[in-house]
Amino acid sequence: MRVLLTALGLLLCAPAWAAQGYALWGDMKYPPGFAHFDYVNPDAPKGGEIRLVSNLRLSTFDKYNPFTMRGAAPAYLAQLMFDTLLTGSLDEEGAGYGLLAEDVAVAPDGLSATFRLRKEARFHNGDPVLAADIKHSYDTLVGPHTSPAYKTMLIDVAGVDVVDERTVRYRFKRANRELPLTVGGLPVFSRKWGEGKPFNEVVMEPPIGSGPYKIGPVKFGKDITYVRDPQYWARDLNVRRGTANFDRILVKIYRDNTAKLEALKAGEFDLMTFYSAGDWARRVNGKRFDSGELVKGEFQHKLPTGFQSYVLNTRRPLLQDVRVRQALGLAVDYEWMNRQLFYNSYTRVRGLFGNTQCAATGMPSPQELALMEPLRAGIPPTAFGPAYEPPRTDQPKDPAIDGLRENLRRAQAMLHEAGWEVRDGALRNAQGTPLVLEYLDSSEGRAATLASWVQNLSKLGIQLKHRQVDFALLQQRWQKFDFDITSLNYQGTANPGQEYYEIFGSKAADTEDSGNLAGVKSRAVDGIISAMVSAKTEPEYRAACRALDRVISHSHVLLPQWFSGTHRMAYNAWRLERPKVTPPYFRGETWAIDTWWAKPAAPK
């Protein structure tokens, strides 16, 4: 049967429905009709409350709309209130299973993906989720009032067609294996949410989504409570069994980390993830830990390492020479910091895609070279050699010379080659401009880790000033690219794709509020990302993402910091219970929110 879409002048074949979801490169772990994900307790009791602390650095929130650019929405709102066409599992990568969609069909030429909606899918107001709502959500997200990240991520989507009341088709400008997962993961909301208003004026209207929770009691500046929808339409669906077990999720707001830690010790909330090795080693203790009420848990995961980094803004003239950027990296003494400050609990970041098959290793493969050679003019020559390794201070080439001193000598030589000389007590270029940089941040605990870098740079004649600001101001300056150096923890992924245009693409470099904080503007990088996105086979894809890893790492726009292979979480064992199976790809509190449950009663 053929469906005639006269308004578009397109003749489209009706899909042969079969797939319960979509996998990027092949088979899916769970077969059609599976009962539930392996890492949940399908019989977990519903009820009770989990009390959390906001994981946002902003001190409060001022809107309920998480998609517009200005203001801050409450923590966890988007994940709790908006369902998507497909949902991933926490024990598998590169796959999505039907949630709002009961079926998905991808065209043989890869230029469209068609989703059929479940008849039982409902918004919080009782309305059915229809194809028109899917189109409305997409059109809104790529409209003028949302983050430019959506526009970049969806740049290869040509449009959305309402085929019938419960069938929607996404059309793609070019074949891209990732796009069905990308559009399948977009948040869906009702056309009635903020109806009649420009989307940027939809601020305090509670979202009309279809997720398991709604907004409950709110104390502005203090806390927000999400309440479970007892009529949640997907409560018995296989991808939702054993999840959304708490009746209430209370999220408290504290203005600093010390207050958070003391509130945890006082029993004011139930779970907290720790990112400070010093706090975890020395300050997570007290009578509630002694009694067993609070428990410290270190949960191993297999997540990509991500690339937490010092970000160098190459829009700044002082940071445009790769030799200067590399010299700055040579002054980072990570080994000393890990030993003296981090209790040897971290591992150094080595590139963009650590702990995944996209990580570059050794020399470039023939497939990588075939991609890189035509772009050689825009690629650092070192990228054609061994994969990037961050400088170390514990393995000097000459055992008689201190490793840091050896690195600083290399840095000094690079700076000299780039035209910088020490004159009048400072490192200056030919114009007499001193090399003075500002490090911009909002974290209380960053000063200690920054101090050794500042001291090492001073030995080279470089002055690095630390400016700590409120996160709201930091966010504003990020949006306008008004900084020299900052820190950012880029989330890792095993399947990088379209979103890397937003992080490293030339167009994003000139787009305010984009994710390209480093200001990367390179035809070579654009070409490699394009090859990665359009790859038709897995070997082509792996070659492209490894080439991107090499080029960015050897460009020294990101100075690698560190990561942990465990999630450090302190939680209330008297109030909370968790499944026996820990999934490999979970992230902190979201795992607890999604799959843990409340114990019926705490001991007296």
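The values are calculated or read from the model by the stated rules, or taken from the named source; none is laboratory data. Note that the structure is predicted; figures quoted are calculated from it, not measured. Every residue, glycine among them, receives a Cβ derived from its backbone with ideal geometry; neighbour counts consider all protein chains shown. The area values use the complete protein model at the heavy-atom level, side chains included, leaving out ligands, DNA and RNA. Shrake-Rupley method; radii C 1.70, N 1.55, O 1.52, S 1.80 Å.
Remarks
- Across segment 115-130, the number of residues qualifying as assigned to a loop (DSSP other than H, G, I, E, B) and open to solvent by less than 20 Å² (accessible area, probe 1.4 Å) comes to 3.
- Search result, residues across segment 96-117 that are at pLDDT 95 or above and either out of contact with any strand residue (DSSP E or B) (no Cβ under 8 Å at 6 or more places or on another chain) or over 18 Å from Asp161 (Cα atoms) (or both): Gly96, Tyr97, Gly98, Leu99
- With respect to (1) under 22 Å from the mean Cα position of the chain (by Cα); (2) open to solvent by 20 Å² or more (accessible area, probe 1.4 Å); (3) not hydroxyl-bearing (Ser, Thr, Tyr), the lone exception for Val581 is condition (1).
- Any hit, segment 501-513, residues being open to solvent by 10 Å² or more (accessible area, probe 1.4 Å), in contact (Cβ under 8 Å) with a residue 24 or more places away in the chain and under 18 Å from Gly306 (Cβ atoms): yes
- A search for C-beta distances below 7 Å between a residue of segment 274-290 that is open to solvent by 50 Å² or more (accessible area, probe 1.4 Å) and any residue that is of a type outside the set (Gly, Ala, Ser), counting only pairs 6+ apart in sequence or on different chains, returns Ala281/Tyr343; Arg283/Leu261; Arg288/Lys265; Arg288/Leu294.
- All positions within segment 223-257 that are over 24 Å from Pro45 (Cβ atoms) and either acidic (Asp, Glu) or without any contact (Cβ under 8 Å) to a residue 60 or more places away in the chain (or both): Asp223, Asp256
- Test: residue in segment 515-533 that is touching a residue at least 40 places away in the same chain (Cβ under 8 Å), under 16 Å from the mean Cα position of the chain (by Cα) and not in a strand (DSSP E or B): yes
- Subset of segment 182-239 (residues that are in contact with a Ser or Thr (Cβ under 7 Å, 6 or more places away or on another chain), under 30 Å from Tyr501 (Cβ atoms) and in a loop (DSSP other than H, G, I, E, B)): Gly185, Leu186, Pro187, Val188, Phe189, Val239
- Listed conditions (1) under 27 Å from the mean Cα position of the chain (by Cα); (2) over 25 Å from Phe563 (Cα atoms) are all met by Arg288, apart from (1).
- Condition check for Ser112: surrounded by 17 or more Cβ atoms within 10 Å (Cβ to Cβ), in contact with a His (Cβ under 9 Å, 6 or more places away or on another chain) and closer than 19 Å to Leu85 by Cα: no
- When residues of segment 556-578 are limited to those that are of a type in the set (A, V, I, L, M, F, W, C) and within 26 Å of the chain's Cα centre (by Cα), the one farthest from Thr305 (Cα to Cα): Ala570
- Check on Thr87, in contact with a Leu (Cβ under 6 Å, 6 or more places away or on another chain) and open to solvent by less than 40 Å² (accessible area, probe 1.4 Å): yes
- Residues in segment 333-349 that are open to solvent by 100 Å² or more (accessible area, probe 1.4 Å) and either on the phi < 0 side of the Ramachandran plot or modelled with pLDDT of 95 or more (or both): Arg339, Gln340.
- Segments classed as strands (runs of 3 or more DSSP E), wholly inside segment 372-450, with at least 1 members that are surrounded by 13 or more Cβ atoms within 10 Å (Cβ to Cβ) and under 36 Å from the mean Cα position of the chain (by Cα): 436-441
- Condition broken by Leu352, with the remaining ones in (1) open to solvent by less than 20 Å² (accessible area, probe 1.4 Å); (2) outside any loop (DSSP other than H, G, I, E, B); (3) at pLDDT 95 or above satisfied: (2)
- Subset tally (residues that are closer than 21 Å to Ser534 by Cβ and not charged (D, E, K, R)) for segment 71-104: 4
- Within segment 187-218, restricting attention to residues that are closer than 19 Å to Leu237 by Cβ and not β-branched (Val, Ile, Thr), the residue that is most open to solvent (accessible area, probe 1.4 Å) is Lys214.
- Residue, least open to solvent (accessible area, probe 1.4 Å), within segment 451-462, restricted to residues that are polar (S, T, N, Q) and more than 11 Å from Leu328 (Cβ to Cβ): Ser452
- Scanning segment 142-174 for residues that are assigned to a loop (DSSP other than H, G, I, E, B) and closer than 27 Å to Gln231 by Cβ, we see that the one that is most open to solvent (accessible area, probe 1.4 Å) is Glu165.
- Residue check, Lys260 of a type in the set (Lys, Arg), open to solvent by 20 Å² or more (accessible area, probe 1.4 Å), modelled with pLDDT under 95 and in contact with a helix residue (DSSP H, G or I) (Cβ under 8 Å, 6 or more places away or on another chain): no
- Residue under evaluation Arg177, criteria (1) touching an Asp or Glu at 6+ places or on another chain (Cβ under 7 Å); (2) crowded, with 19+ Cβ neighbours inside 10 Å; (3) of a type in the set (D, E, K, R), criterion not met: (1)
- Among the residues listed as Asp139, Asp133, the single one being modelled with pLDDT of 95 or more, open to solvent by 30 Å² or more (accessible area, probe 1.4 Å), closer than 28 Å to Gly71 by Cα and part of a helix (DSSP H, G or I): Asp139
- Ala175 meets the conditions (1) small (Gly, Ala, Ser); (2) farther than 27 Å from Asp27 by Cα; (3) at pLDDT below 95 in every case but one. The failed one is (2).
- Count of segment 585-598 residues which are at pLDDT 95 or above and open to solvent by 10 Å² or more (accessible area, probe 1.4 Å): 3
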